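Remarks on the structure that follows.
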Amino acid sequence: MFIKNWICGIFCVAALVQVRAQLPSAAFKHIPAGEYLVGKKGHHSNPLRKVKVDSFLIAVYETTNREFAAFTAATGYITDAERNRNAMVFEPGLDEFRWLEDSTANWRYPNGTGRGGIENKMDHPVTCISYQDIQAYCKWAGYRLPTLDEWEIACRAGSATDFFFGETDGSIGKYANIWHGRDHLKADHSDNYMYTSPVGSFAPNAWGLYDIYGNVFEFCSGKLKPDEKDNIAHARGGSWWCSRFACSFFNSVDIGRVHARASFSNQGFRVVKPAAKP
């Protein structure tokens, strides 16, 4: 019995190594160590301040369905939405800030089974995953989430304005998949996408990072206050649902919050890894 289990263990480890080897070779941007300005004067949760960070590597793209599929295939991991059947999805016609709880929705069917799966969307960002799910993915893949400050430093790409491209959001359509309609009562396909878009479909910021605004909210690690509860998670950058008239978080300053076990069809993430030491 011991020999049988030992042989099985060898094959299981070999299979895991093979699956990891088949992962897309993610592109990363090196962010140098140093002091950076983050936040905005007078902002209630993100005041202007100087922070010091070590160098790090941040993914050029958001984590995709293909990458998350490799993780679940290797580990058999079951997400919170699959287990609890409580993912929140959207369809045109809902009042502002209204979402639907769909027991059929999960990362494989991010808008519910009635709206199709991800078979032709493997290069879209993975959604309907919770903060806890992302922690499991990062542990397996050897990555981590960016901190709130790291994300902002990478997002700003050296800028000091609310948007990495200027003072106003006039150019947002060039850089981000967002909702351009005045409300959410009618579908908005004006930028060719109503929900998520394939990563890298819009122009990058000055440091070559794509979809840092829009597409999906990107989870970050860290707290806004020392006494903040552990079941609160934060995400940044806005999403495909965000518009100029509702939840306009597609900027370098604002910080969203959500329950760490919640799963929405506009939540995703990008990963970070330590920079190689000289």
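Some notes on this structure:
- Extended-chain gain in nm, criterion 0.36 nm per residue less alpha-carbon gap, Ser103 and Leu48: 15.7 nm
- Cβ-placed point charges (K, R +1; D, E -1), dipole of the chain about Cα centre in debye, nearest 20: 720 debye
- Length-normalised contact order of the chain in % [C-alpha pairs under 8 Å, at least 6 apart]: 23 percent
- About its Cα centre, the range 162-278 has a charge dipole of approximately 360 debye under the convention of +1 per Lys or Arg Cβ and -1 per Asp or Glu Cβ, with nothing else charged.
- Across the alpha-carbon atoms of the range 98-241, the computed radius of gyration and Dmax are 16.1, 44 angstrom.
- Heavy-atom accessible area, probed at 1.4 angstrom with all protein chains present, ranks Ser201, Ser159 as Ser201, Ser159, highest first.
- In this structure Leu145 has an accessible area near 10 Å², from a 1.4 Å probe over the protein heavy atoms.
- Distance violations [Cα-Cα > 31 Å] among Lys52/Lys229; Lys121/Lys174; Lys41/Lys139: Lys41/Lys139
- Taking the charge dipole of the range 25-96 about its Cα centre, with +1 at Lys and Arg Cβ atoms and -1 at Asp and Glu Cβ atoms, the residue from Val89, Ile78, Tyr36 reaching farthest to the positive side is Tyr36.
- Helix-only mean residue ellipticity at 222 nm for the chain, each DSSP H run of n ≥ 4 adding -39500 (n - 2.57), per residue, nearest 500: -6500 deg cm²/dmol
- Just the protein heavy atoms count here, and of the accessible area of the chain at 1.4 Å, carbon and sulfur take up 54 percent.
- Per residue accessible area in Å² of the chain, where ligands, DNA and RNA are left out and the probe is 1.4 Å: 49 Å²
- Mean-position separation - Cα centroids, the range 208-225 and the range 144-164, in angstrom: 9 Å
- Rg/Rh for the chain, where both radii come from Cα atoms and Rh is the Kirkwood radius: 0.98
The values are calculated or read from the model by the stated rules, or taken from the named source; none is laboratory data. Predicted, not measured: the structure shown is a model, and the values here were computed from it. For neighbour counting, all protein chains shown are included, and Cβ atoms are generated from backbone atoms with ideal geometry for every residue, glycine included. All accessible areas refer to the heavy atoms of the entire protein, side chains included, with ligands and DNA or RNA removed. Shrake-Rupley method; radii C 1.70, N 1.55, O 1.52, S 1.80 Å.
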